[in-house]
Amino acid sequence: MSEDEEIRSAKRQKVLDSEAERVAEAAEESLRKHPHGDRDQPLVHHDAGEFSGLKRHETTSEQAEKLENGPINPFTGNQLGQKYFDILKVRRDLPVHAQRAEFLKIFHSSQIMVFVGETGSGKTTQIPQFVLYDEMPHLTGMQVACTQPRRVAAMSVAARVADEMDVSLGEEVGYSIRFENKTSNKTILKYMTDGMLLREAMEDHDLTRYSCIILDEAHERTLATDILMGLLKQVCLRRPDLKIIIMSATLDAEKFQKYFHNAPLLAVPGRTFPVEIYYTPEFQRDYLDAAIRTVLQIHATEDQGDILLFLTGEEEIEDACRKISLEGDELIRDQNCGPLKVYPLYGSLPPHQQQRIFEPAPINPSTKPYARPGRKVIVSTNIAETSLTIDGIVYVVDPGFSKQKVYNPRVRVESLLVSPISKASAQQRAGRAGRTRPGKCFRLYTEEAFHKELIQQSYPEILRSNLASTVLELKKLGIDDLVHFDFMDPPAPETMMRALEELNYLQCLSDEGELTALGRLASHFPLDPMLAVMLIGSPAFGCSEEILTIVAMLSVANVFVRPASARKRADEAKLSFAHPEGDHLTLINVYESFMTASDKGGVHQWCRDNFLSYRSLTSAKNVRSQLRRIMERYDLELVSKYGEIGEGVYWDNIKKALVGGFFMQVGKKKSGTGKTYLTVKDNQEVLIHPSTVVSKEGEWMIYNEFVLTSKNYIRTVTTIKPDWLVEYAPKYYNLDHFSKGDVKLSLERIIERVEASKKFDSKKK
Ligand code: CDP
Ligand code: MG
C-alpha cells in the first residue's frame, strides 16, 4: 500500500468507524426514547433517509465485530442480554468466523459468489449475519433471504439465528415455508424454502425487496434451487445492486462457478476430525434390524459420544426409536450401561420436538469411577446429512438408503422410493461423526457394494420429477421459451413434453402453449396444478367448501395413525368415518368430526381415541384457511349444499368436482378379473391399496396417488361415473389418442350412450 492509499484507507476507516458508532448511538437514542422497547415503531427501522449514506457502505469485519460486541443491538435498539454474549463466544469459534474479512472482500467486489464449507462450519447461521452487519438492511427497507431445501431446516435455523441475534423469532429474523409465514414488517433476515422464494418471484419477477439472496445447500440440487439459479442469473442482469451467494456443503463447487460466469469462490477449510469407516462383511437383508443392533452395541461397548442413525422416513424412524428405547432400558438394567435418550428427526415433526435434538446427552447419575457414559441417539432422515448440524455426534450408523423421488414420464408416475444413496452422501454422512473429535462410521453394507454399487452423485431433482408445477411456474415467471431456459442440467425432453401436455389438458396452457386465464389463476395456489384446477372448478358444482377440505387433507401428512401395536383397533376407528364410495369423501367426514370435537374440547383425547393425528389435522385446518383466503382474494365462491339437497346428489356433486381435477388419474376394472384395475391411457395394471375404506368399489375409480412397491397400487380412491370423464374432460377423453383395448372399448360405449342421451334430452325440450 502506498502512503497515499494508506492515508485514504485510514480516513475511510475513520468514517466507517464513526458510521458504526452512529448506528450504535441511534440505537441508544432509540432506547432512551423508547425505554420499554416500543416494538411497533423502533426508531432505527426503515429510516432510510437519515442513514441513506449507509447504503452498500461496505464495512470491515472489525467494524462489524465492534458492533456485535454490544452493548446495544443495532437492529432493535435494545440492550443485549447475557445469553447473546454467551452464544457470541461460541460463534466466534466457528470456522467461517476466521474467514469473515475475506468473505467481505469478495462479497464487496462481486455480484455473485460461491461459498463452500464443511457441514457445521457456520455457513447457514453466520453468513447471513455477516451480510446483515454489512448491509444494515433495516436502514434501507430491504431484506436478506436465505433459502433452504427443507422446511425443518428453515424453521430450526431461523429460531437459532433469532437467538444468536437476541431478537424474537418472526420479528427481525423470521421464516417462510409453504402454508406458514412467520415474518413481519420488521423482518430483515428471512429463512425460507427455495419453493417459497420461487413463488415470490412469480409475483415479483425481480425480487425487488431483497438486497441479497443466499441459496443455501445448493449441492442438493432441488428442483426449486435449480430453477432459482437460472432465474437469478437473469435477474442479476436487470438488478446490478442485487447480491447472490451460492452456498454448498460439498467441495464440488466448480460447476456452480462455471454456471455463474466464473464467479469467485471462497472455501472454508474443513475442520473435521478423522472418521474411521467400518463395513459389514456381508450384505444385510434387514437393514432396520441391523441398524438397531448396531446402535445398541455402540451404546454397550463404545466410549462417550452421541450416535446418529440415518433412516428413510417417519414411520421407520418412530419404530426404530421405540425399539432402541425399549432395548436400551434392558441394557441399562442388565449390563449397567449409562442412560440413553432417543430422539427422532424428520420433516413433519413439530418444531418444538425438532429442537429437542439439541438437548445435551443424559448424564450418568452414578459417581463411581467406572460409571458408563450416558448417550443421546438421533434417528434422522437425510435432514441430518447436511441441513442440520448436531454437535457431539461421534458415531454414525449408515444403512445406505434414503427416500428419493423418481419419475417415469412414460407412465406419468412420480413416487418416493427407498433407494441406495450416492457415494457423496455416504461421505457426508460419515463426516457427521467427526465434528467434535475423532469418530466412527458404521456402514451397514459391504465395502465392495460401496465401490461398485453406489453412484458418485445423486441426480439433480429436475431429472427425476414431474415438471407440471415447474412449467406453470416458469410460464408465470414470464419465461415462455422453456427450451432455451438456462438450466444447469436441462430436463429430459420427454418429461418437458409430458408437463406441457398435462397443463394443456388441465386448460392451464392453450394449444399454443400460452398461459390461460385458468392457468394464471391456478398458479396463485401453492398446489399441484391438478388440485388447483379442481379447487377453482368446485364452485360450479356447489361444493367448494368440501373440495377445500379434501385438498387441505391431501396436502398434509397422513391423518390416520396406525401403530404396530394396535393395527386392528386403528383400522376399526378409521372405518367409523368411512364413506363406502370414497377415500376422498371419507376425508371430509374425518375433518368435520375433528372440527366438531374441537368445538367441544378434549380434542387431543378424541384424536387418540380415534387413531387420528392431531398434528396433521391441525395443519390441515391451517392449510384450509389459507387456501380459503386465496379463494376469497380471487372471488371464487365458497359454497356448500350440505343439508340443502339429497345426500346422493350432494356426494355426487363432490365426486364430479373431483373428476374436474383427477380425470388423468383414473383406473378401470379389468374385465373378467376380480381386483385388478388398468390405469386409463397408460394401461398399467394396478391394485387398490389395502389402506382403502371403500367397500362399494366401482368399475371406474379416480386415485390420488400411484404407489410403486413390489406391486403397483393406487391409493386414496373414489368411485366415479365414467360419463363424467367424457363430459368434463372431453379433450383428454378424445379416443383418437387411446390405444386399443379394454379401456377404449368401454369408453366408446359410454360416449355413444352419452351422445344418444343428449339427443334424447334435446328432443324432450
Ligand atoms: O451451515 P453449516 O452446516 O455450515 O453450519 P450451521 O448450520 O451454521 O451451524 C453452525 C453451528 O451452529 C453448529 O455448531 C451447530 O451445532 C450450531 N447450531 C445450533 O446450535 N442450533 C441450531 N438450531 C443450528 C445450528
Ligand atoms: Mg447449513
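The values are calculated or read from the model by the stated rules, or taken from the named source; none is laboratory data. Here the structure is a predicted model, which means the values were calculated and not measured. Reconstructed Cβ throughout: ideal geometry from the backbone, glycine too, with neighbour counts over all protein chains shown. The protein model used for the area step is the full one, side chains on, heavy atoms only, and it has no ligands, DNA or RNA in it. Shrake-Rupley method; radii C 1.70, N 1.55, O 1.52, S 1.80 Å.
Tabulated values for the structure
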item: Sequence ranges 236-248, 521-533, 499-511, ranked by mean other-Cβ count within 10 angstrom, highest first; result: 521-533, 499-511, 236-248
item: Cα-Cα pairs of the chain separated by more than 46 Å (percent); result: 29
item: Rounded if a/c under 1.5, otherwise prolate or oblate - the range 725-765, Cα gyration tensor axes; result: prolate
item: Cα-based reach from Lys403 at 20 Å (exclusive), listing lysines while leaving out same-chain residues under 8 positions away; result: Lys423, Lys711
item: The chain - accessible surface per residue (Å², probe 1.4 Å); result: 45
item: Mean Cα-pair separation over length for the range 482-579, i.e. relative contact order, pairs under 8 Å, 6 or more apart, %; result: 11
item: On Cα atoms only, tilt of 614-633 relative to the major axis of the chain in degrees; result: 80
item: Proximal aspartates and glutamates relative to Lys600, as straight alpha-carbon distance under 13 Å, when same-chain residues fewer than 8 apart are discounted; result: Glu592
item: Value of relative contact order over the chain, rounded to a whole percent, pairs C-alpha under 8 Å and six or more apart; result: 9
item: Diffusion constant of the range 690-765 at 20 °C, which comes from Stokes-Einstein with the Kirkwood Cα-pair radius and 1.002 mPa s, µm²/s; result: 147
item: Mean projected area (nm²) of the alpha-carbon convex hull when the range 103-182 is viewed from all directions; result: 5.9
item: Ordering of 217-223, 110-116 by packing [mean C-beta count within 10 Å, highest first]; result: 217-223, 110-116
item: Net length gained if the chain between Asp303 and Gln234 were fully extended (0.36 nm per residue, minus Cα distance); result: 19.5 nm
item: The range 582-624, Cα convex hull volume normalised per residue, Å³; result: 67
item: Projected-area mean, the range 384-444, by convex hull of Cα positions, square nanometres; result: 4.7
item: Label-point gap, in nm, between His451 and His604 - each point 7 angstrom along Cα→Cβ; result: 5.5
item: Unsatisfied cross-links (Cα-Cα over 27 Å) in the set Lys123/Lys258; Lys123/Lys243; Lys405/Lys731; Lys123/Lys376; result: Lys405/Lys731
item: Segments 638-649, 59-70 sorted - mean Cβ within 10 Å per residue, highest first; result: 59-70, 638-649
item: Whole-number percent relative contact order across the range 602-756, with pairs defined as alpha carbons under 8 Å at least 6 apart; result: 16
item: Simple label model, 7 Å out from Cα along Cβ direction - His737 to Phe85, nm; result: 6.9
item: Value in Å of the Kirkwood radius, where the range 226-293 supplies the Cα pairs that are averaged; result: 16.3
item: Binned Cα-Cα distances of the range 616-671, short to long, each 5 Å bin given as a whole percent; result: 4, 14, 13, 17, 24, 18, 5, 3, 2, 0
item: Carbon/sulfur fraction of accessible area - the chain, other protein chains in place, 1.4 Å, %; result: 50
item: Helix 3-33 vs. the chain, principal-axis angle (Cα, 0 to 90°, nearest 10); result: 70
item: Nearest-10 value in Å² for the accessible area of Arg567, using the 1.4 Å probe; result: 110
item: Helix axis angle, 123-135 relative to the chain longest principal axis, alpha carbon, degrees; result: 60
item: Value of Rg/Rh across the range 618-765 [Cα atoms, Kirkwood radius]; result: 1.01
item: Binned Cα-Cα distances of the range 439-525, short to long, each 10 Å bin given as a whole percent; result: 15, 38, 19, 11, 13, 4
